[in-house]
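The values are calculated or read from the model by the stated rules, or taken from the named source; none is laboratory data. This one's a predicted model, so the numbers in the text were calculated from it and none came from an experiment. With ideal geometry, Cβ positions are generated from the backbone for all residues, glycine too; neighbour counts draw on all protein chains shown. For the accessible areas, the whole protein counts, side chains as well, though only heavy atoms, and no ligand, DNA or RNA atoms are used. Shrake-Rupley method; radii C 1.70, N 1.55, O 1.52, S 1.80 Å.
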Amino acid sequence: MTNTMAKLIDGRAIAEKVYVDLRREIAELKAKGVTPGLAVILVGDNPASRAYVRSKDKMCRELGLHSVKLELQASTTQAELLGRVEELNRDPGIHGILVQSPPPEHIDEAAIVRALDPRKDVDGFHPANVAKLVLEDSSGFVPCTPLGVQRLLLESDIDINGAHVVVLGRSMIVGKPLALLLMQKNKNGNATVTVVHSHSRELANITRSADIIIAAIGRAEFLKADHVREGVVVIDVGINRVEDQASERGYRLVGDVAFDEVSKKASAITPVPGGVGPMTIAMLMANTVKAARQSL
Ligand code: GUN
């Protein structure tokens, strides 16, 4: 039978399960005299970044974590920003530091990331943590969105082991670390991973052979019904603002997947919003708690 509606993977509900476990672990750390602390630095006033930073701060407060939100002017210099990072590296009340990406043009983001203490790099962007992901050393930090995608699949009882996973996009934040994570030699990995991107030939032939497609290409409604086979599982990492005069804000959010048509062929699919987004924040909280635990 075709045209049965896909199962919706509810990221908000799965994130709530993550928080149940985290609250217990936070209570245990507090009993040992440690309150996990997260510092989030935003440089400039990109509206999407401001919204992300606000929701991270809010979630810290809800969980009883120590939260520091630094909002710096767009004119902040590289040296000033490095100074802030070094202060936070030395601050024993801060276990995780995140510099919201992308910073303004004049900031050398890679240099800022290298200046982070890798033990506080809860984004998993520092070269030491990238190396640990490649080496399958679980003491490192894995970027939050890839971790969230993996957790969504596991909690939805979708078999990653041996599956053909096609990752659309090769970014440092999502595509590349996600491919590394899902091909790891362990029970939560063991996938056959193909990464496709803007230069890939015969893209549709590759995506049509996927058991699981993870769209992280940053193009609104890029993945169409023709790209997928019946029964595929689709995880949509995209968050794109598209103009919509009918909406009060003047725009609406859509993913990298043409949801209406793809959901008719998929066996399971994430919505946007309410899929990967809530999981990314949950995994940031989890990484912060891990950093606090490892600081003991
Ligand atoms: N911008 C978009 N996603 C992320 C993320 O996971 N971490 C940071 N620091 N910036 C981002």
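Filtering ALA27, ALA15, ALA51 for residues that are open to solvent by less than 10 Å² (accessible area, probe 1.4 Å) and not acidic (Asp, Glu) leaves a single hit, ALA15. Screening the candidates ALA51, ALA27, ALA15 for the property of being away from the ligand (no atom under 16 Å from the Cβ), of a type in the set (A, V, I, L, M) and not in a strand (DSSP E or B) yields one hit, ALA27.
A Cβ distance below 7 Å, combined with a sequence gap of six or more or placement on separate chains, defines the contacts here; from the stretch 161-190, residues that are free of Cβ contacts under 8 Å to residues at least 24 places away in the same chain reach residues that are open to solvent by less than 20 Å² (accessible area, probe 1.4 Å) in the pairs ALA179/VAL167; MET183/GLY189; MET183/ALA191. If the condition is being touching a strand residue (DSSP E or B) at 6+ places or on another chain (Cβ under 7 Å) and not in a helix (DSSP H, G or I), then the stretch 70-90 contributes LEU70, GLU71, LEU72, ALA74, THR76. I'd like to check something: does the stretch 108-128 contain any residue that is among the aliphatic types (A, V, I, L, M), within 15 Å of the ligand (Cβ to nearest atom), buried (at least 22 other Cβ atoms within 10 Å of the Cβ) and more than 15 Å from the chain's Cα centre (by Cα)? Among the residues of the stretch 108-128, at least one is among the aliphatic types (A, V, I, L, M), within 15 Å of the ligand (Cβ to nearest atom), buried (at least 22 other Cβ atoms within 10 Å of the Cβ) and more than 15 Å from the chain's Cα centre (by Cα), which makes the answer yes.
Residues that are open to solvent by less than 40 Å² (accessible area, probe 1.4 Å), out of contact with any Phe, Trp or Tyr (no Cβ under 7 Å at 6 or more places or on another chain), closer than 21 Å to LEU153 by Cα and not hydrophobic (A, V, I, L, M, F, W, C) within the stretch 272-289 comprise GLY274, GLY275, GLY277, PRO278, THR280, listed in sequence order.
Number of residues in the stretch 131-149 that are more than 10 Å from the chain's Cα centre (by Cα) and either within 16 Å of the ligand (Cβ to nearest atom) or not in a helix (DSSP H, G or I) (or both): the value is 7.
Of all residues in the stretch 228-261, which are free of Cβ contacts under 8 Å to residues at least 40 places away in the same chain, crowded, with 18+ Cβ neighbours inside 10 Å and within 14 Å of LYS7 (Cα to Cα)? If the condition is that a residue be free of Cβ contacts under 8 Å to residues at least 40 places away in the same chain, crowded, with 18+ Cβ neighbours inside 10 Å and within 14 Å of LYS7 (Cα to Cα), then VAL232, PHE259 are the ones that fit. Of the residues ALA225, ALA266, the single one that is more than 30 Å from VAL134 (Cβ to Cβ), open to solvent by less than 30 Å² (accessible area, probe 1.4 Å) and touching a residue at least 60 places away in the same chain (Cβ under 8 Å) is ALA266. Among the conditions (1) touching a His at 6+ places or on another chain (Cβ under 9 Å); (2) more than 17 Å from VAL53 (Cα to Cα); (3) among the hydrophobic types (A, V, I, L, M, F, W, C), the only one that ILE94 does not satisfy is (2). In this structure, is VAL34 in contact (Cβ under 8 Å) with a residue 60 or more places away in the chain, open to solvent by less than 70 Å² (accessible area, probe 1.4 Å) and assigned to a loop (DSSP other than H, G, I, E, B)? Yes: the conditions hold for VAL34. Does ILE214 qualify as being crowded, with 17+ Cβ neighbours inside 10 Å, touching a residue at least 60 places away in the same chain (Cβ under 8 Å) and of a type in the set (Val, Ile, Thr)? Judged against the criteria, ILE214 is a match. The set of residues from the stretch 276-296 being within 10 Å of LYS120 (Cα to Cα) and either within 13 Å of the ligand (Cβ to nearest atom) or modelled with pLDDT under 95 (or both) comprises ASN287, THR288. GLY96 meets the conditions (1) under 23 Å from ASP21 (Cβ atoms); (2) more than 15 Å from the ligand (Cβ to nearest atom) in every case but one. The failed one is (2).
Could you say whether any residue in the stretch 6-13 is under 17 Å from the mean Cα position of the chain (by Cα) and among the small types (Gly, Ala, Ser)? Looking for residues that are under 17 Å from the mean Cα position of the chain (by Cα) and among the small types (Gly, Ala, Ser), one finds at least one in the stretch 6-13, hence yes. Would you please name the residue that is farthest from MET283 (Cα to Cα), looking only at residues in the stretch 129-162 that are small (Gly, Ala, Ser) and exposed (fewer than 14 other Cβ atoms within 10 Å of the Cβ)? Across the stretch 129-162, the extreme among qualifying residues is GLY162.
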